Amino acid sequence: LPVVAVVGRPNVGKSTLVNRILGRREAVVEDTPGVTRDRVFYEAEWTGHDFWLVDTGGWEDRVQGIAYRVAEQAEIAIDLADVVMFVVDATVGITTTDEQLLKVLRKAKRPVLLVANKVDDARTEMEAAALWNLGLGQPHVVSATHGRGSGDLLDAVVAALPAEGRGAAPDSGPRRVALVGRPNVGKSSLLNKLAGENRVVVDDLAGTTRDPVDEKIELGGEVWTFVDTAGIRRRILQTQGADFYASLRTRSALDRAEVAVVLLEASEPISTQDLKIIDMVLESGRALVLAFNKWDLIDEERRHQLEREIEKDLGHVAWAPRVNLSARTGRHTDKLVPALKIALESWDTRIPTSRLNAFLGTLVAAHPHPLRGGKQSRILFATQARTRPPRIVIFASGFLEHGYRRFIERRLREDFGFEGSPIEIGVRIRE
Ligand code: GDP
């Protein structure tokens, strides 16, 4: 989906505006569960157009220094957004902080909509009109608290959206890989290693306005696109506010990828941050490969300890292929490609309906759904509704318990593999 970022200095009313946009009856809002927990990334819809709405005000409390915040917001807008809403306070006018932000936004080559907020009376309306001077076109006059102007603003946002978002991943062309992991696990080292030892395909970027955010590298005789590598290459933001920024980046990368390589550090205990990143991948529905980096640093004892940690913390993704590598020495970096291929093949798998039903028929005959209140839920029919990732829809005569669905998934994996791919199981109840 395309991304719309709301930027502006503190207190101009960004979050109020976001609430206003999401609170409108026409905007179907979903606070996407789990991912950032920062409540800053929202799925929004306006007149049939879906987009991500990013509230950069969401993390203001946690970082220090206005200049820093402004710089970071601008960076986010440049890196992630297809359209930027630049919010200013019409009752105050343009401050030096606004000007700073503006300077960076001008370089960003993204459509910028100037939003003059807090226009509640005729006097501020006059002042808002003066904002034409900024050279960002017509100021969009709104009052986030009263709701004025937000519909027109959204119309303008939708008009500025690209036909296909930055997020749109084409079905053809090289397969798209997101290299994700917490800071310092070695993402950029791995990327450098891969790019350094293999052929890097240079796109002709002349005439495009976008940053070259992707890198194409030939590995194992095939070209692979590593998406969103600008965030890996650019390290200036990995200080304050890094968590927030990193989770946005990860999400954006996953959005555009087909398969994720989650990089973990073999020499360090598996952390909650690692698990959060894995959760993000699961929520994204992308294929998954786990790679343990810095293998050169660990000894026998740590290796055993790591195995125990994996058993304890990563049981829910035991289906993901694992590569133990070292970006520093290059050990087993050639094992990435086979793992990626397996995961993508599973992700693309389609089981013919007849085979699926034969499998389920046998399974259910041997292990029927448990009786509940004297009633027996029966499985009538199943079909694979989708691939990438595989989604199986089961038609049943009644409710299927969570445990029973898990059981079916386990057996599906035993029979059909699906190594490296999540499986979605949906149930429709039919009389
Ligand atoms: P990123 O934040 O995930 O991009 O991590 P970097 O690639 O910047 O790596 C963080 C640190 O770990 C750097 O000091 C690297 O030199 C080091 N590093 C990365 N990979 C390895 C590895 O395989 N072995 C060792 N010993 N150090 C590594």
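The values are calculated or read from the model by the stated rules, or taken from the named source; none is laboratory data. As the structure is a prediction and not an experimental result, all values here were calculated from the model. Here the Cβ positions follow ideal geometry from the backbone for every residue, glycine too, while neighbour counts run over all protein chains shown.
Some points to look at:
- Among residues of segment 308-335, those that are under 18 Å from Val281 (Cβ atoms) and basic (Lys, Arg), counted: 1
- One residue from Leu363, Leu306, Leu314 being within 16 Å of the ligand (Cβ to nearest atom) and in contact (Cβ under 8 Å) with a residue 40 or more places away in the chain: Leu306
- Some residue of segment 159-166 being modelled with pLDDT of 85 or more and part of a helix (DSSP H, G or I): yes
- Residue match in segment 277-288 (condition: within 13 Å of the ligand (Cβ to nearest atom) and assigned to a loop (DSSP other than H, G, I, E, B)): no
Listed here are the residues, each with its yes/no results for (1) surrounded by 13 or more Cβ atoms within 10 Å (Cβ to Cβ); (2) of a type in the set (Ser, Thr, Tyr); (3) modelled with pLDDT of 90 or more; (4) in a strand (DSSP E or B).
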{"position": "Ser354", "(1), (2), (3), (4)": "no, yes, no, no"}
{"position": "Val364", "(1), (2), (3), (4)": "yes, no, yes, no"}
{"position": "Ser377", "(1), (2), (3), (4)": "yes, yes, no, no"}
{"position": "Phe381", "(1), (2), (3), (4)": "yes, no, no, yes"}
{"position": "Arg388", "(1), (2), (3), (4)": "yes, no, yes, no"}
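Matching residues to (1) under 29 Å from Val3 (Cα atoms); (2) of a type in the set (Phe, Trp, Tyr); (3) in a helix (DSSP H, G or I):
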site: Arg251; (1), (2), (3): yes, no, yes
site: Asp296; (1), (2), (3): no, no, yes
site: Ala320; (1), (2), (3): no, no, no
site: Lys335; (1), (2), (3): no, no, yes
site: Lys341; (1), (2), (3): no, no, yes
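- Flag for Trp347 being assigned to a helix (DSSP H, G or I), of a type in the set (Phe, Trp, Tyr), away from the ligand (no atom under 16 Å from the Cβ) and surrounded by 15 or more Cβ atoms within 10 Å (Cβ to Cβ): yes
- Restricting the first member to segment 181-197 and to residues that are of a type in the set (A, V, I, L, M), and the second to residues that are near the ligand (Cβ under 6 Å from one of its atoms) and in a loop (DSSP other than H, G, I, E, B), the beta-carbon pairs closer than 7 Å and six or more apart or on different chains are Leu190/Ala327.
- Search result, residues across segment 176-202 that are assigned to a loop (DSSP other than H, G, I, E, B) and among the aliphatic types (A, V, I, L, M): Val185, Val202
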